[in-house]
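Presented below is the structure to which this report refers.
The values are calculated or read from the model by the stated rules, or taken from the named source; none is laboratory data. Computed from a prediction, not measured in an experiment: that's the story for all the values here. Here the Cβ positions follow ideal geometry from the backbone for every residue, glycine too, while neighbour counts run over all protein chains shown.
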Amino acid sequence: MRYTFLLYSNPADFADLTPEDWAKEKEVYGAYIGALQEAGVFVDTDWLHPANTATTITLKDGEKRVQDGPFAETKETLGGFFAIDVPDLDAAMAWAEKCPAAKHGKIEIRASAMGDY
Amino acid sequence: MNEPTPQARAEDVARAAYGKLVAMLASRSGDIMAAEDALSDAFVAALKTWPERGIPEKPEAWLLTVAKNRRIDQARKDARLVITDEVPEMVEAPSFEQDNALDERLALMFVCAHPAIDAAIRTPLMLQTVLGLEAEDIARAFLVSPSAMAQRLVRAKKKIKSAGIPFVVPEPEAQPERMAAVLEAVYGAYSVDWLEGSGDLSHEAFFLSTILADQAPKSAEALGLTALIGFIEARRDARVREGVLVPVPEQDVELWDDDLTSRSAALLTRASQLGQIGRYQLEAAIQSVHAARSVTGSTDWRALSQLYDGLLRLHPTIGAAVSRAAVVAEDIGPAEGLKLLERINAPDIETFQAAHAVKAHCLVRLGRVADAAEAYARAISLCTDLPSRRWLEENLAALRKKMS
């Protein structure tokens, strides 16, 4: 089953990070990606620019509307994701626990609904 | 004794098989709702056929076959709608193996108490999927509307399927934590109506814990919980007299179920031999001290006080703290009991009924009758079950008589 980890954090927590801190962060994430690959469960990942750079678009009311900014203003925002392929939620939870993002933010685990509908 | 009617026997057999069959049907797809639907059809067929033709030699296998066929039919029907070449999953159904079925029922209990499932719905979910209780009956016991309960149960089952919660018994290293959640859900079922109402749920909870003790014989706390519930169940007939609560030390030991008590004691011994102490074993040990009165004729308050000390260190709760004060009041004296009560540092102590009842009891023995009457009145105003309320009212009435 494919699971996506949505990584939520408060950008303010990263405001004071030095270039050395960032380099260390990258290393930590690199190791995590390596572990996922080695286990053969890695599907995809990305790291996103801050939510205040987002562009939100909708055709919901019949016409195109574009908004400068995220669809909802919240303190904790989506900062990136991991997609992995593991047998069940227990395995997904075990990987999420190991994800570096869990240390300073929250990880929402969602199963893929592709094929269910 | 009257022979049960074929209808009643069919119902009993079908019910006893329920949880196993749900577990077997749902374990592969994770779809509890589909399993329940298929089973309910199989039950209808059984209740129609069995009373006429007799109960089949392997009733569970019979029910499983009918339910599986029904699922295949359903899958075919669905397939026609979606148009796909895929072979329905249930064509290759698991074979019926008794030992396997036991494991699957345990797995189902772990699914119901999974950390990804809201703690408040774990007990109702377990009652429904493992024992087949109707949502309506569960709702009544939990004092919520049937539609709200049904909705929450459906939501939980949908989550189990869509989130991919596995139907497995967790690995040994994850077991203590996961087992704790299962035990809590079972104990939750026990506490719902143990004193008032029909006691149906407490009976079901006892059944659930017996399953656990059978299937997880290495879990000291599973054995401990089963012993605990067993000790309390053994006093069922002595607990309430003419609608009034009878406190354990005053109960008529002749009304206790000695057989159940000794089985519970044996379980507790087995649990303690596993060398993993836990709250349920300590609580069971407390009940075993009470149970010993049927042999010794008296209550060992010192032993109770020590056990409560241990329980408070391991698993501090307001209930245990108040009980410890009550026990110390008997062991050392009411002044000491009162002192302990006043020292309890819990935000909800003011609205905790038992605290006021114990306080009243201590004050009576200290001769402070006016204060005692006030404490009883406060306890009565906080009391939510009828037998306890009547008991408190009787105490207050006796006190007023003494005062006038």
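Results for (1) away from chain B (no Cβ under 14 Å); (2) closer than 29 Å to B:GLY164 by Cα, shown as yes or no for each residue.
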site: A:GLU20; (1), (2): yes, no
site: A:GLY30; (1), (2): yes, yes
site: A:ASP44; (1), (2): yes, yes
site: A:GLY62; (1), (2): yes, no
site: A:ILE107; (1), (2): no, yes
site: A:SER112; (1), (2): no, yes
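Within the range A:1-18, the set of residues being within 14 Å of chain B (Cβ to nearest Cβ) and among the charged types (D, E, K, R) comprises A:ARG2 only.
Here is a yes/no grid of residues against (1) of a type outside the set (Asp, Glu); (2) crowded, with 23+ Cβ neighbours inside 10 Å:
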residue: B:ALA107; (1), (2): yes, no
residue: B:CYS112; (1), (2): yes, yes
residue: B:ALA116; (1), (2): yes, no
residue: B:GLU136; (1), (2): no, no
residue: B:LYS157; (1), (2): yes, yes
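For the range B:173-189, the count of residues that are in a loop (DSSP other than H, G, I, E, B) and farther than 30 Å from A:ILE84 by Cα is zero. Take the conditions (1) more than 23 Å from B:SER40 (Cα to Cα); (2) over 15 Å from the mean Cα position of the chain (by Cα); (3) touching a residue at least 12 places away in the same chain (Cβ under 8 Å); B:LEU143 misses just one of them, which is (3). From the list A:GLY30, A:GLY34, A:GLY69, which residue is over 30 Å from B:GLY30 (Cα atoms) and in contact with a helix residue (DSSP H, G or I) (Cβ under 7 Å, 6 or more places away or on another chain)? Unique residue meeting the criteria: A:GLY69.
Can you work out which of the residues in the range B:233-253 that are touching a Pro at 6+ places or on another chain (Cβ under 8 Å) and in a strand (DSSP E or B) is surrounded by the fewest Cβ atoms within 10 Å (Cβ to Cβ)? Full working, then the answer.
Within the range B:233-253, the subset touching a Pro at 6+ places or on another chain (Cβ under 8 Å) is B:239-240, B:243-245.
Filter again for in a strand (DSSP E or B), leaving B:240, B:244-245.
Values: B:VAL240: 18, B:VAL244: 15, B:LEU245: 21.
Selected residue: B:VAL244.
Of the residues screened, A:ILE57 is one that is more than 18 Å from the chain's Cα centre (by Cα) and aliphatic (A, V, I, L, M). In the range B:109-136, the residues that are without any contact (Cβ under 8 Å) to a residue 12 or more places away in the chain and within 21 Å of B:PHE43 (Cβ to Cβ) reach residues that are among the polar types (S, T, N, Q) and in a helix (DSSP H, G or I) with C-beta atoms within less than 8 angstrom, at least six apart or across chains, in these pairs: B:GLU134/B:GLN128. Taking the range B:204-242 as the range and being more than 13 Å from B:VAL186 (Cα to Cα) and β-branched (Val, Ile, Thr) as the test, the residues that pass are B:ILE232, B:VAL240. Tallying residues that are within 14 Å of another protein chain (Cβ to nearest Cβ) and either touching a His at 6+ places or on another chain (Cβ under 9 Å) or of a type in the set (Val, Ile, Thr) (or both) within the range B:114-135 yields 1.
Can you confirm whether the range B:136-152 contains a residue that is touching a Leu at 6+ places or on another chain (Cβ under 8 Å), more than 22 Å from B:THR384 (Cβ to Cβ) and away from chain A (no Cβ under 14 Å)?
The initial filter retains those residues of the range B:136-152 that are touching a Leu at 6+ places or on another chain (Cβ under 8 Å), namely B:138, B:141.
Okay, now just the ones that are also more than 22 Å from B:THR384 (Cβ to Cβ), so none.
No - not one qualifying residue is present in the range B:136-152.
Scanning the range A:64-90 for residues that are free of Cβ contacts under 8 Å to residues at least 12 places away in the same chain and either within 14 Å of another protein chain (Cβ to nearest Cβ) or not in a loop (DSSP other than H, G, I, E, B) (or both) yields A:ARG65, A:VAL66, A:ASP90.
Restricting the range B:254-286 to residues that are touching a residue at least 60 places away in the same chain (Cβ under 8 Å) and within 15 Å of B:GLU233 (Cβ to Cβ), the residue that is surrounded by the fewest Cβ atoms within 10 Å (Cβ to Cβ) is B:TYR280. Run B:GLU60 past the list (1) surrounded by fewer than 22 Cβ atoms within 10 Å (Cβ to Cβ); (2) at pLDDT 90 or above and report the number of the one that doesn't hold. (2) is the only condition that B:GLU60 fails.
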